[in-house]
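Since every read-out is calculated from the coordinates, none of them should be taken as a lab result. If you're wondering where the values come from, they're calculated on a predicted model, not measured in any experiment. Neighbour counts run over all protein chains shown; Cβ positions are idealised from the backbone, glycine included.
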Amino acid sequence: MTAIIATNQTILVVGGGISGMTAALEAAECGKQVILVERNSSLGGRTALLYRYFPKMCHPTCGLEINLRRLKANRNLRILTQTEVTSVTGQRGDYTVSLKISPRYVNSNCTACGECAKVVKKEIPNPYEYNLSRTRAAYLPHAMAYPQHYVLDPSIIGTPDADNAKAACKYNAIDLDMQVETIELKVGAVVWATGWKPYEAAKIQPYGYDRFDNVITSLEFERYADPHGPTGGKLLRPSDGKEAKNIAFIQCAGSRDQNHLHHCSRICCMASLKQTQYVREAYGEQGKSTVYYIDIRSIDRLEDFYRKVQQDSTVNFVKSKVAQIKLDEKTGDLILHGVDTEGYHRYATQHDLVVLAVGMEPESNGIKLPADLITDSSGFIEGSADLGQIAAGAASSPLDVNRATQSATAAALRAIQVVYKTSAIEEAR
Amino acid sequence: MAEMKTAAYICSGCGLGDQLDIAQLSKIAQKEGKMALVRNHEFLCNPEGVQIIRDDIEKEAVTHICIAACSRRAKTEAFNFPEVAMSRANLREGVIWIIAQGNEHDEVRQEMANDYVRMGCAEIKKMKLPQGNPNHANNKRILVVGGGVTGLTAALAAAETGYEVVLVEKNNQLGGWAAKMWKRVPFKQPYAEPQETGLVELVAKVSSHSRITVYLNSTVAETSGAPGRFNIKVAQESGSVTTEEVGAIVQASGFSSYDINKLPELGGGKSTNVVDQAGLEALACKAMDTPLKRADGKEIKSVVFIQCAGQRNEANPDHLPYCSGHCCATSVKQAMYFKNANPDVNTVVLYTDLRMPGMGEDFYRSAQDKGVIFTKGKASRVDTAGDACKVVFRDLILDEDAVIDAELVVLATGQVPNAGVDLEAWNPLVTAAESGSEEGKQKKVEMQKISVLNLNYRQGPDVPQLKHGFNDSHFICFPYETRRTGIYAAGSVRRPMDMLQATEDATGAALKAIQAVENASIGRAAHPRSGDLSFPSVRLEGCTQCKRCTVECPFGAIDEDEKRFPVFNESRCRRCGTCMGACPVRVISFENYSVDTVGNQIKAVDMPDEFSERPRILILACENDAYPALDMAGLQHHVYSAFVRAIPVRCLGSVNTIWITDALNSGFDGVMMMGCKHGENYQCHFVKGSELANYRMSKIDDTLKQLGLETERVATYEVAITDNARVAKLINEYAAKINEIGMSPMKGFN
Amino acid sequence: MTNPNQQGYTPYHNNFLKEVEQNVEDGTWVKMCMQCGVCAGSCPLGNAWEHTPQKIFMMIRAGKREEVLKSDSMWMCTSCYNCIARCPRKLPITHIMHGLAHYAHRLGLAPKGQPTREIAKLFWKNLVKTGRANELKFSLAMYFKDGFKQGIKNALGMQKVGIGLIKAKRLNPMEIFGGHKCKDKSGFQKMIAKAQEIENSKKTHIA
């Protein structure tokens, strides 16, 4: 790989989701040198796996396209995928970072022609579909993947599959000898845009995510609704492939709960309101959505969207934290038990499919962060005390996309301030 | 610039060589495309291929290149030659990937590729390498309008990044609403107690900063110019006017508190025992952590907070339909003022949805722990007759009507943005005034009094409002996508928000302002065509002063001079080309995108005769969404008609109807226009482009009839970027329709 | 408002909440409820409750003193702990329910003849006599709590079970003549008296 030039005027952005891309682009478009590292093989993060955004019901890939175009046009920006930060030492204005680059086994010669995928036999669970479908072990992460290069799954290295892939490539783009690389860089500021991950739904025992096929997470539901997803956009339930027309949305699945995540994940109310409209989009008046909630948190003008959904005859709201889900063995349906607390109405309601609006946990939970990074009681990153390391987006707080990009833009300026002051001090000398 | 020397590079990799006759393509590039140099390569994007191009540029003085290979969206790192003008003929995603395999399709496949090569060569000959706006301006100072927490934060953020700032505040002191608060909602762990606002320190930092100039008791009397060269008249209360030159503007004009007098049913304005949240802060500032007292001096032993007062209410047009976001946390904080000073105070918060996202949950619990009672209920009335108010409400949990006695009632009213003039209301007045109506003139003067920026722009004195009077952006991914380049609304004027979000917003807006001045200084476009160095130029001698460009520009970039000729302010321009699409006499163009660059492509297509049974369909596709969808249709090998010829456009708004008539005249059998969703939830990145195109096309029917053509021959579609499969289906359906109505009778006349 | 429930109490003021906090086991948790209702839905006997736990918490906050203390709802709790396990605010709901029942009982407001309460009373009487529970006597006392005639009916109805228990040596008919005692009966009773004294000194009688 080509040498990367970085100095204490360089900003390192960790994470290539919407927040990291935004922070990197905004800084680069101000004329700053930026290195963006992403652990996965493509940029885009979780937003690339969403079908639509609330409240406009527009497509996340639309913004991704614009960001990718900005990025292609900008020479201040270097992108490293399959790269993780293993250590950050030093201080504000003078950091040394170690990066670990995992082998992709495909180099930049790749033209995304797809010949390798034709000859690889092995299939693996598709990580870009939350493992809901399978993909060949030589694959392009998704249609908007950037870099637009295939990936070989490490599990086929050393097998005939890998050799066949190599043989099929006319462009010498497959390099089976790629090794893990470690590089060290000097940077002036670090923006942590490591994003979030869904709370592990199986831990919410009464909802039986691990026991009932037809209890899924809100993120999985995004994939089902997406025409490019595993069901081609049909809302088919996992147990029997039947069309799910009567769908329950359970709010605060893991959030606002001292047994799980004590914070409110902010986005889940809006996400479920949005998803009720997927049901409407699929079935019109024939669909039915029921939202079980504690408080509907559709803040600011998002209230308009809530009002619209409230007026939708196919959507019901029940103020209740569902107590328990039971399986109706015969039909595969699920029966939700609980009490509507507005006036005390006990219910046992049958649904085809249950969607858990799972909470947001910092992706960095479980990852060793630099010692001087301050995190809150949920693990969200506040930044370093000397302000040389800055958190952006959902790494800093449970945020929706709009607020995450706002936060990332602010983080970009804070990073620029760090390198500006470093240079000002040096000039003064 | 040196003399134009053209070159075409034809790649035979990725299966192109297997499925296409590359020699034929080369010949076409040479003979028909008239390319000075034509080269083939089996793997053009590899270092060797790229080097060939680079060598030609350096040694052969090639200035214009056409790369016939993959889509313009692919291999951008390899084909990166900023020093030359470049077109891309899309033979991979646009031809071999969307046409079914097999020899029987060889002919149409080759025809399609031939045409794309012709088009690429035709385009490049009309392109120029953009040189950047020559009228760029170098002022890098930043104006911040408003000295509340947002304005202060933005000013400090820019100043600490090395930029000079001018801060204009209409009051006699800095601080805004935040200065009137006793404490603020916590923004750091532990989220348990109200915290110091930190405002005194912030004001001190701003006031003493060497790079910040503060004007108190001042307003912006006039703003003229463009990014990099704004001219601001700052009017002081004393009557003096100072002129400041700045490069970008952050509008942090904040909010007014919703008038509680509009809530008489909740006791608003009827008694001093009913206050809004600002009123409560005033009492708290007086009490300073001792038990709070009412205006009449009585110590308050019971208080009820009524949430969403005059908010989240669409039924009553006087009320605010939206949620102001901060009020739940603010009431919780204020309830703590009472409980912290005296735990025995009866403190009830009446809410419908308690909205304290994120770590706000901890703060909510902390209040409960202090004994604040939260009740889900809807207040219908507050009786203020006695010493204690009576709050009449529906208890939604206990499902009954109830009454609470409270010595003080706090109404959590909402934020009303100080957004200035609503252009939707303004423009009719302008029209009236221009037609000589005295009333119109007077109303216009009256309305302008509330203006914040007093822009002397053709399209009105303030930034357009999106919804509910806020100067918000419409985009999820791009909250700072403003409709007035170089002017960024931040804080509660943009969207209802709390102090924490306002701080973030201010910092983000400061960055965008910095970016705007940096872009302006090198004549470069802002988002979403960031980095674009092209700019619109106008051939004034052909202009008929029709004003369509000045009216339709989504960004208010074009003014009018005294003779009503358009005046382009290049650094306000976002390079969408809406003006170019609007111009009936086609005098507006960009160096690398013009009526000719597209028109020439249309004319370059080889037109089979009427009896060939091979119709030709032109696709004009928005480069932001529809074109990528076509590309991805290719990537996923969705097969579509080989009779289409697609041309990406910057925005459907840039489509000039001459392209349509040219296409039809030259024998195209149909035209498909693919743009973004328009209407309320528009997805057009240039706001009105696809809507305008739709409107213009609705008028094209007459033209079609004149030509003796069926109206179906021009069709517009909303295409989203995810419509990979759908776009193929649309094309095939349209091709079937053309087949049905038959070939165009215009063929052979060109 | 002339609701006798709230005489001397201002609705939605702190009075009753404070009383509960001071007198009811784990009563300080009542204010922490956020009305999600998961307790109500989790209760296996939920159908039998007039007021669910979460509603009772709201009623306490609304100052519905009599209505809460006279309610038989909290007597329905069987200590399955489902609600505690699931409560997102970690309220010790089971304990609070027992605490409320206990407090209502002490105030003499608990519903007369409420079966759980009667069982509790009989069990207590049975236990404190000898320091050991006499199962036979306890069962008989239960059968006859609603009068002699009903007692005979109950006993006949349970005949099979009783004989089965005797056969399996799980029930000794001889227990009817006094039965087991603990080793130091008077010591045990002294201990109980002392506990009662401590309990009483802790909680002031408000009403």
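Would you list C:Phe123, C:Phe188 from fewest to most Cβ contacts within 10 Å?
Sorted ascending by nearby Cβ count, the order is C:Phe123, C:Phe188.
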- [ ] Sort B:190-199, B:217-226 for me by packing, meaning the mean count of neighbouring Cβ atoms within 10 Å per residue, highest on top.
- [x] B:217-226, B:190-199
- [ ] Compute the long axis of helix A:60-72 from its Cα atoms, compare it with the longest principal axis of the Cα atoms of chain A, and write down the angle in degrees, 0 to 90, nearest 10.
- [x] 0
Open item on the list: I'm a student and want to see the number: the projected area of the Cα convex hull of chain A, averaged over all directions, in nm².
Closed with: 22.1
Open item on the list: Could you compute how fast region C:115-201 diffuses translationally, taking Rh as the Kirkwood radius over C-alpha pairs and applying Stokes-Einstein at 25 °C with viscosity 0.890 mPa s? Give it in µm² per second.
Closed with: 169
Task: Values of log10 I(q)/I(0), in the order q = 0.08 Å⁻¹, for chain B under a Debye, Cα-only, solvent-free model - done: -0.77
Task: Neighbour-limited loop hits for trypsin sites (Lys or Arg not before Pro), region C:120-178 (at most 13 other Cβ within 10 Å; DSSP other than H, G, I, E, B) - done: C:Lys169, C:Arg170
Task: Kirkwood-based shape ratio for region B:221-298, expressed as Rg/Rh from alpha carbons - done: 1.25
- [ ] Provide, in order from the shortest bin, the percent of all Cα-Cα pairs of chain C in each 10 Å bin, continuing until the bin that contains the maximum pair distance.
- [x] 8, 27, 29, 23, 12, 2, 0
TODO: Between the alpha-carbon centers of region B:256-272 and region B:171-191, tell me the distance in whole angstrom.
DONE: 23
Task: Value of Rg/Rh across region A:68-113 [Cα atoms, Kirkwood radius] - done: 1.08
Task: Set of lysines near B:Lys205 by C-alpha distance (under 27 Å), chain-local residues within fewer than 8 positions excluded - done: A:Lys32, A:Lys421, B:Lys140, B:Lys170, B:Lys180, B:Lys183, B:Lys188, B:Lys233, B:Lys286, B:Lys333, B:Lys512
Task: Residue among B:Leu704, C:Leu136, A:Asn109 farthest towards the positive dipole end of the protein assembly as shown, charges placed on Cβ - done: C:Leu136
Open item on the list: For region A:385-429 and region A:68-85, what is the centre-to-centre distance using only Cα atoms, to the nearest Å?
Closed with: 18
Open item on the list: If you scale each eigenvalue of the Cα gyration tensor by 5 and take the root, what three semi-axes come out for region A:199-360, rounded to whole angstrom and sorted largest first?
Closed with: 21, 19, 16
TODO: Starting from region B:432-474, pick out the trypsin sites (Lys or Arg not before Pro) whose DSSP state is loop and whose Cβ has at most 12 other Cβ atoms within 10 Å.
DONE: B:Lys449
TODO: Rounded to the nearest 500, what is the 222 nm mean residue ellipticity of the protein assembly as shown from helices alone, with -39500 (n - 2.57) per DSSP H run of 4+ residues and division by all residues?
DONE: -9500 deg cm²/dmol
TODO: With +1 on each Lys and Arg Cβ and -1 on each Asp and Glu Cβ, and nothing else charged, work out how big the dipole of chain C is about its Cα centre, in Debye to the nearest 20.
DONE: 680
Task: Hz values of 3J(HN,Hα) by residue in region A:343-355 - Karplus curve (6.51, -1.76, 1.60), Gly and Pro given as x - done: x, 6, 10, 7, 9, 9, 10, 8, 9, 6, 8, 10, 10
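Give me the net charge of A:Ser298's neighbourhood, meaning all other residues with Cβ under 12 Å from the Cβ of A:Ser298; Lys, Arg count +1, Asp, Glu -1. Display every interim value, and only then the final one.
Details: positive: A:Arg266, A:Lys274, A:Arg297, A:Arg301, A:Arg307, A:Lys308, B:Arg312, B:Arg355; negative: A:Asp295, A:Asp300, A:Glu303, A:Asp304, A:Asp400, B:Asp353.
Local charge sum for A:Ser298: +2.
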Task: Pair-distance profile P(r), taking every C-alpha pair of region A:296-340, with 10 angstrom steps and integer % - done: 23, 33, 32, 12, 1
Task: Förster radius 45 Å - calculated FRET efficiency between B:Glu42 and A:Thr7, Cβ distance, rounded to 0.05 - done: 0.70
- [ ] Quick one: which residues, 5 or more positions from B:Gly325 or on another chain, have an amide H under 5 Å from its amide H? H modelled 1.01 Å from N in the peptide plane, none for Pro or chain starts.
- [x] A:Asp300
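Could you tell me which of rounded, prolate or oblate describes region B:258-414, using a ≥ b ≥ c as the square roots of the eigenvalues of the alpha-carbon gyration tensor, with rounded for a/c under 1.5 and, failing that, prolate when a/b is larger than b/c and oblate otherwise?
Here region B:258-414 falls in the rounded category.
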Task: Stokes-Einstein D (µm²/s) once Rh is taken as the Kirkwood radius of the protein assembly as shown over alpha-carbon pairs, at 10 °C in 1.306 mPa s - done: 45
Task: Rounded tilt (10° steps) of B:626-635 against the dominant C-alpha axis of chain B - done: 60
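Express in % the proportion of alpha carbon pairs of region A:24-63 at distances exceeding 11 Å.
Roughly 70 percent, once rounded to a whole number.
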Task: Principal-axis tilt of helix B:22-31 within chain B, Cα atoms, nearest 10 degrees - done: 90
TODO: Restricting things to alpha carbons, find the Rg to Rh ratio for region A:115-168 using the Kirkwood radius for Rh.
DONE: 0.96
TODO: Could you list the residues of region C:119-137 with an amide nitrogen less than 18 Å from a label point located 7 Å from the Cα of C:Lys194 in the Cα-to-C-beta direction?
DONE: C:128, C:131
Task: Three semi-axes of the equivalent ellipsoid, region A:1-113, Cα gyration tensor, whole Å, largest first - done: 25, 18, 14
Task: Span from the region B:493-523 Cα centroid across to the region B:446-492 one, whole angstrom - done: 13
Task: Dipole magnitude of the protein assembly as shown, debye to nearest 20 (Cβ charges: Lys/Arg +1, Asp/Glu -1, about Cα centre) - done: 4240
TODO: Collect residues whose amide H, placed 1.01 Å from N in the peptide plane, falls under 5 Å from the amide H of B:Val166; neighbours closer than 5 in sequence don't count.
DONE: B:Ile142, B:Leu143, B:Val144, B:Thr213
TODO: Quick one: which residues, 5+ away or cross-chain, put their amide H under 5 Å from the amide H of B:Val274? H built at 1.01 Å from N.
DONE: B:Val409
Task: GluC sites (Glu not before Pro) lying in DSSP loop within region A:165-267, provided at most 10 other Cβ fall within 10 Å - done: none
- [ ] Find the percent of Cα-Cα distances in region B:1-129 that exceed 22 Å, and round it to a whole number.
- [x] 28
Open item on the list: Which residue fluctuates most in the GNM of chain A (Cα springs below 10 Å): A:Gly15, A:Gly383, A:Gly284?
Closed with: A:Gly284
- [ ] Mind pulling the per residue volume of the convex hull built on the Cα atoms of region B:710-750? Å³ is fine.
- [x] 88
Task: Cα-based reach from B:Lys262 at 18 Å (exclusive), listing aspartates and glutamates while leaving out same-chain residues under 8 positions away - done: B:Asp276, B:Glu314, B:Asp318, B:Asp383
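Across all directions of projection, what mean area in square nanometres is found for the Cα convex hull of region A:296-429?
13.0
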TODO: Taking all pairs of distinct Cα atoms, average 1/r, flip it, and tell me the Kirkwood hydrodynamic radius of region B:535-597 in Å to one decimal place.
DONE: 11.4
- [ ] Convert each backbone phi in region B:428-434 into a coupling constant with the Karplus relation 6.51 cos²θ - 1.76 cosθ + 1.60 (shift: θ = phi - 60°), then list the ³J(HN,Hα) values in order as whole Hz, x for Gly and Pro.
- [x] x, 5, 4, 4, 4, 5, 5
Task: Likely footprinting exposure, C:Tyr12, A:Tyr95, A:Tyr306, fewest C-beta neighbours within 10 Å first - done: A:Tyr306, A:Tyr95, C:Tyr12
Task: Calculated over region A:335-381: convex hull of Cα atoms, volume per residue (Å³) - done: 121
TODO: Enumerate the calculated ³J(HN,Hα) couplings along region A:287-301 in order (Karplus 6.51 cos²θ - 1.76 cosθ + 1.60, θ = phi - 60°), each rounded to whole Hz, writing x wherever the residue is Gly or Pro.
DONE: x, 8, 10, 10, 9, 9, 9, 9, 9, 8, 9, 9, 7, 6, 6
TODO: Treat the count of other C-beta atoms within 10 Å as a stand-in for reagent exposure and order B:Tyr9, C:Tyr81, B:Tyr640 from fewest to most.
DONE: C:Tyr81, B:Tyr640, B:Tyr9
Task: Anchor C:Lys183: lysines whose Cα lies under 25 Å away (excluding residues fewer than 8 positions away in-chain) - done: C:Lys121, C:Lys125, C:Lys129, C:Lys137, C:Lys169, C:Lys194
